[in-house]
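Following: one structure in structure tokens, then a few remarks.
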Amino acid sequence: MRIKLLLILSLIIIAITMILNPKAVFLAASNGLEIWFTILIPSLLPFFIIANLLISISFVQFMGALLEPLMRPLFNVPGAGGFVMAIGFTSGSPLGALMAIDLRKEQLCSKWEAERLMAFTNNSSPLFMVSAVAVGMFGKPALGAVFAIGHYLANLTIGIILGHLSRIKDPVIQKKEHPFSSTVLYAYKKMVYSKNFEIGTMLKDAINKSIQTILAIGGFVLLFSVLIEAFNILGISKYMYEFLSIALTLVSITPELASGLTIGFFEITLGIKQIVKTDAPLQHQLIITAFILAWNGISIHAQIASFASSTDIQMRTYVLSRVAHSFIAAFYTFLLWNPLYPVFTGSEFSFFLPLPQSAFGFFIFGSMAFVAISLLMIIVSVFIVIARAIIRALKRA
């Protein structure tokens, strides 16, 4: 009851603030709308449509059969989770978490497995870390390797830890194991010979669902753009800044970075831009940037919570994992800074490929990365199966 009254009072205060400051609110809303229309729609909508189509034609089940030997021992999630992992690690948030929610809706994973998948597959996009942050904001391409390696290692660490803990909390019910080849063959036949394969209906449903998703994301982006401006006007950000300044001082990090951390709590791009403007030591800037990249921003969390509300998935594991990911990624970045940065700076790594300069380029790069990571995971999974078979044969001999 008290929480509801507090929420009503907060909404009234925000509404009054918006009425009294129409110009500032209009500019904030316009900025959010521009980000959604020029960046999010071109880069995310095609992925949503393709991913929904792959789920509809049972390709995800087939890929799951191939990846079960890798995903189950390492993360204690079904092989279909490998599809979510590949998308999350190449396309960025909120795609990874949304695909985990879709797997749950299709009954391809349990409630607990979906919660763990959301916890370690929702990453910042590699192109965002390299192109937008390292190159565009810091002007140092080599920093992209430091950010990306620390970021993904931290999420993999969380996934492995959650997988092992889950075996104690909710051990997998032992079922009769089928040979890998027969499981893959069954999934392949189900995908190829399905009687419900109506491409027109599937395409229409995939487009409708994807448009609904991207519209909801746009609403959240616009809303939080306005809320951030309202918090600035009301002075709420000032109190957060003072608290975070004290916290940073306690861990020997320049308190000036508290301003970027405050903004990054809500929206990561604006927060990182503020960090780059400071005169703090570069290492301190990198640590706080890595923290913000892993946190992902309240706006992203709200989007994911809204989609998860239609399932039995709870957000507790996801939120705690975001907090853990933030600290672990910052710690890994601190460890990797000295050994890695000199290696990539001025070396022949050249940041290898020309970075895409458009939303279409980002989509193409993301698609290629998804295919490459998926193939790599399948190769590792098949290698595990072969290695197990060799070990069993040696034991019998």
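Here are some notes:
- Any helices (runs of 4 or more DSSP H) falling wholly within the range 274-367 and containing at least 3 residues that are modelled with pLDDT under 75: 316-344
- Any chance ALA24 is within 21 Å of ILE384 (Cβ to Cβ) and either more than 22 Å from the chain's Cα centre (by Cα) or of a type in the set (A, V, I, L, M) (or both): no
Table: residues versus (1) of a type outside the set (A, V, I, L, M); (2) farther than 14 Å from ILE268 by Cβ.
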residue: GLY297; (1), (2): yes, no
residue: ILE300; (1), (2): no, no
residue: GLN303; (1), (2): yes, no
residue: TYR318; (1), (2): yes, yes
residue: ALA329; (1), (2): no, no
residue: PRO339; (1), (2): yes, yes
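- Conditions (1) part of a loop (DSSP other than H, G, I, E, B); (2) surrounded by 19 or more Cβ atoms within 10 Å (Cβ to Cβ): number failed by GLN61: (1)
- Scanning the range 197-254 for residues that are among the aromatic types (Phe, Trp, Tyr) and assigned to a helix (DSSP H, G or I) returns PHE220, PHE224, PHE231, TYR239, TYR241, PHE243.
- A residue that is surrounded by fewer than 24 Cβ atoms within 10 Å (Cβ to Cβ), more than 27 Å from PHE128 (Cβ to Cβ) and in contact (Cβ under 8 Å) with a residue 60 or more places away in the chain cannot be found anywhere in the range 83-104.
- Some residue of the range 145-161 being at pLDDT below 80 and in contact with a helix residue (DSSP H, G or I) (Cβ under 6 Å, 6 or more places away or on another chain): no
- Test: ALA29 is of a type in the set (Gly, Ala, Ser) and under 14 Å from the mean Cα position of the chain (by Cα): no
- Set LEU215, LEU244: member being over 17 Å from ILE304 (Cα atoms), modelled with pLDDT of 85 or more and not acidic (Asp, Glu): LEU244
- Close pairs (6 angstrom Cβ cut-off, 6 or more residues apart or separate chains): farther than 18 Å from ALA114 by Cβ and crowded, with 23+ Cβ neighbours inside 10 Å in the range 146-173, among the hydroxyl-bearing types (Ser, Thr, Tyr) and modelled with pLDDT under 90 anywhere: VAL146/TYR341
- In the range 45-68, the residues that are over 12 Å from SER210 (Cβ atoms) and touching a residue at least 40 places away in the same chain (Cβ under 8 Å) form Cβ pairs under 6 Å with partners that are small (Gly, Ala, Ser) and part of a helix (DSSP H, G or I), at six or more places apart or across chains, as follows: GLN61/ALA187; PHE62/ALA187; ALA65/ALA187; LEU66/SER381; LEU67/GLY82; LEU67/SER381.
- Any hit, the range 283-293, residues being surrounded by fewer than 18 Cβ atoms within 10 Å (Cβ to Cβ) and either more than 17 Å from the chain's Cα centre (by Cα) or at negative phi (or both): yes
- LEU45 being surrounded by 10 or more Cβ atoms within 10 Å (Cβ to Cβ), assigned to a helix (DSSP H, G or I) and either modelled with pLDDT under 80 or over 29 Å from the mean Cα position of the chain (by Cα) (or both): no
- Single residue of the range 17-42 satisfying the filter (part of a helix (DSSP H, G or I) and among the polar types (S, T, N, Q)) that is farthest from SER381 (Cα to Cα): THR17
- The set of residues in the range 78-107 being touching a Gly at 6+ places or on another chain (Cβ under 7 Å) and assigned to a loop (DSSP other than H, G, I, E, B) consists of PRO78, GLY79, ALA80.
- Within the range 116-145, the residues that satisfy the criterion of being more than 13 Å from the chain's Cα centre (by Cα), touching a residue at least 60 places away in the same chain (Cβ under 8 Å) and either assigned to a helix (DSSP H, G or I) or within 18 Å of PHE331 (Cα to Cα) (or both) are VAL130, SER131, ALA132, VAL133, VAL135, MET137, LEU143, GLY144, ALA145.
- Reported count of residues in the range 12-42, each being closer than 13 Å to ILE214 by Cα and surrounded by fewer than 19 Cβ atoms within 10 Å (Cβ to Cβ), is 8.
- Checking each residue in the range 197-219 for being in contact (Cβ under 8 Å) with a residue 12 or more places away in the chain, out of contact with any Ser or Thr (no Cβ under 6 Å at 6 or more places or on another chain) and either of a type outside the set (D, E, K, R) or buried (at least 20 other Cβ atoms within 10 Å of the Cβ) (or both) picks out PHE197, LEU203, ALA206, ILE207, SER210, ILE211, THR213, ILE214, ALA216, ILE217, GLY218.
- One residue stands out among those in the range 121-145 that are out of contact with any His (no Cβ under 8 Å at 6 or more places or on another chain) and closer than 18 Å to LEU320 by Cβ: the one that is surrounded by the fewest Cβ atoms within 10 Å (Cβ to Cβ), which is THR121.
- Selected residue (only one of THR254, THR278, THR317 is of a type in the set (Ser, Thr, Tyr), surrounded by 14 or more Cβ atoms within 10 Å (Cβ to Cβ) and within 18 Å of the chain's Cα centre (by Cα)): THR317
The values are calculated or read from the model by the stated rules, or taken from the named source; none is laboratory data. Computed from a predicted model, the values in this text were never measured in an experiment. Cβ sites come from the backbone with ideal geometry, for glycine too, and all protein chains shown count toward neighbours.
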